[in-house]
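Encoded as structure tokens, the structure appears first; notes follow it.
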């Protein structure tokens with residue numbers, strides 16, 4: 001690794017990565033890598049987790065190739081009139097060598113998507129010494145370890161973590177409720193059987209809607225995934241035995257098993273847990289205090305849906321909030337009174353594929369952002385550049401001080417151009433203060 005690191009360092013210091021053609025060539029190489037190995041990649045994902053051949057990395061690389069010229073462009077910055085004639089710029093420059101930690105649940109997109117941003121910004125990258133930037137996707141527990149290690153060298157870090165992402169489900173008519181339920185089911189059990197940082201963790205709903213919701217979810221589960229955990233064509237397996245046991249143990253706590261209303265079948269041999277629905281498990285149980293990261297879906301009942309805001313605010317900030325509502329007042333309250341990495345109204349998880357939106361957490365769900373231009377910014381340093389003329393020279397900025405100079409500086413710092421003009425014309429009275437020495 002040390003030899004590879006030094007090779008990357010030499011490449012970066014040689015300035016090779018700073019040109020746009022080099023960056024475009026690397027992005028095209030990523031596209032070739034995917035095209036030439038697509039079948040093998042999808043087969044590996046199928047054998048590993050039972051995933052279907054769906055990928056979004058090509059879109060990210062194509063998007064970067066189209067927009068990289070504008071991303072790299074030097075931006076003009078305004079200066080106060082006092083500094084005329086001068087000009088200022090903001091110059092995006094690469095950070096250096098970037099270390100990217102991907103994640104097992106989406107190993108291609110969570111590794112290559114940030115890689116595309118790092119390359120676009122002109123960095124060299126190692127996928128696994130002292131780095132110029134670390135990009136980590138994973139759990140808050142490991143994120144703290146990465147952050148602690150990075151702090152020793154003051155290395156900047158982007159942490160894409162997770163948390164308990166809630167759904168707020170308002171009351172709907174029949175057809176709208178059916179659409180909402182399908183999107184909840186797809187968002188919970190579709191992406192890696194709930195093993196996703198943006199996956200749904202629990203649903204908040206008014207008590208009177210619970211029977212209808214449970215029936216609709218149950219119908220969706222049977223339609224989408226079947227009734228047997230052995231139907232591996234429709235649901236991903238759990239990543240390993242430790243995680244399988246961890247998820248099963250969540251159901252063994254006192255009061256939790258009694259809250260199960262739809263018991264998904266389990267297949268320990270193939271590490272598959274079927275979709276499972278619970279209603280009002282104990283809030284102090286692990287299933288409601290830790291990220292589930294699996295196919296268990298607690299439904300929490302409320303007296304009124306507006307109580308969902310307090311429920312969310314009493315817990316760590318989530319990576320995402322999904323709110324199904326047509327109520328503009330409730331939408332505004334969710335936006336203004338809660339904090340999360342993002343809010344999606346009337347759908348789930350689709351924000352991840354939008355290159356025009358920043359993706360990232362806040363608080364314990366992480367910090368930093370990426371996707372599209374935001375990836376470029378994450379892996380760049382915006383260098384401030386100011387070009388100054390030798391004329392005119394403002395003598396009042398230098399000692400020895402007198403009342404005129406001090407008044408000039410005071411007005412200049414406040415950009416009071418009228419006051420400066422009056423002062424220079426002798427039309428402004430200079431106020432002096434007695435000072436004790």
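Output the qualifying pairs, or none if there are none: Cβ atoms under 6 angstrom, residues six or more apart or on different chains, first residue in the stretch 239-262 and under 14 Å from residue 276 (Cα atoms), second residue assigned to a strand (DSSP E or B) and modelled with pLDDT of 95 or more.
These pairs meet every condition: 259/278; 259/279; 260/278; 261/277; 261/279; 262/277.
Of all residues in the stretch 290-311 being part of a loop (DSSP other than H, G, I, E, B) and over 23 Å from the mean Cα position of the chain (by Cα), which is surrounded by the most Cβ atoms within 10 Å (Cβ to Cβ)?
Here the residue is 305.
Restricting attention to the stretch 259-275, report how many residues are crowded, with 22+ Cβ neighbours inside 10 Å and assigned to a strand (DSSP E or B).
Total meeting the criteria: 2.
Does residue 188 satisfy the condition of being touching a helix residue (DSSP H, G or I) at 6+ places or on another chain (Cβ under 8 Å) and more than 22 Å from residue 371 (Cα to Cα)?
When the stated conditions are applied, residue 188 passes them.
Looking at (1) touching a strand residue (DSSP E or B) at 6+ places or on another chain (Cβ under 6 Å); (2) assigned to a helix (DSSP H, G or I); (3) under 30 Å from residue 223 (Cβ atoms), can you tell me which one residue 114 breaks?
So residue 114 meets the others, but not (3).
Residue-by-condition table, conditions (1) exposed (fewer than 12 other Cβ atoms within 10 Å of the Cβ); (2) at pLDDT 90 or above; (3) touching a helix residue (DSSP H, G or I) at 6+ places or on another chain (Cβ under 9 Å):
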{"residue": "2", "(1), (2), (3)": "yes, no, no"}
{"residue": "17", "(1), (2), (3)": "no, yes, yes"}
{"residue": "22", "(1), (2), (3)": "no, yes, yes"}
{"residue": "39", "(1), (2), (3)": "yes, no, no"}
{"residue": "47", "(1), (2), (3)": "yes, no, no"}
{"residue": "51", "(1), (2), (3)": "no, no, yes"}
{"residue": "55", "(1), (2), (3)": "no, no, yes"}
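Please find, within the stretch 338-356, the residue that is nearest to residue 159 (Cα to Cα) out of those that are surrounded by fewer than 18 Cβ atoms within 10 Å (Cβ to Cβ) and modelled with pLDDT of 95 or more.
It comes out as 339.
Check 278, 330 and return the single one that is surrounded by 15 or more Cβ atoms within 10 Å (Cβ to Cβ) and in a helix (DSSP H, G or I).
Residue meeting the stated conditions: 330.
Assess whether residue 35 counts as being in contact with a helix residue (DSSP H, G or I) (Cβ under 7 Å, 6 or more places away or on another chain), in a helix (DSSP H, G or I) and within 24 Å of residue 352 (Cβ to Cβ).
Criteria not met by residue 35.
Looking only at residues in the stretch 372-387 that are under 30 Å from residue 125 (Cα atoms) and out of contact with any helix residue (DSSP H, G or I) (no Cβ under 7 Å at 6 or more places or on another chain), which one is surrounded by the most Cβ atoms within 10 Å (Cβ to Cβ)?
380
Considering only the stretch 79-99, state which residues are in a loop (DSSP other than H, G, I, E, B) and more than 22 Å from residue 116 (Cβ to Cβ).
79, 80, 84, 85
Can residue 156 be described as over 30 Å from residue 224 (Cβ atoms) and at pLDDT 90 or above?
yes
The values are calculated or read from the model by the stated rules, or taken from the named source; none is laboratory data. Model, not experiment: these values are computed from the prediction. FYI the Cβ positions are ideal-geometry reconstructions off the backbone, even for glycines, and counts take in every protein chain you see.
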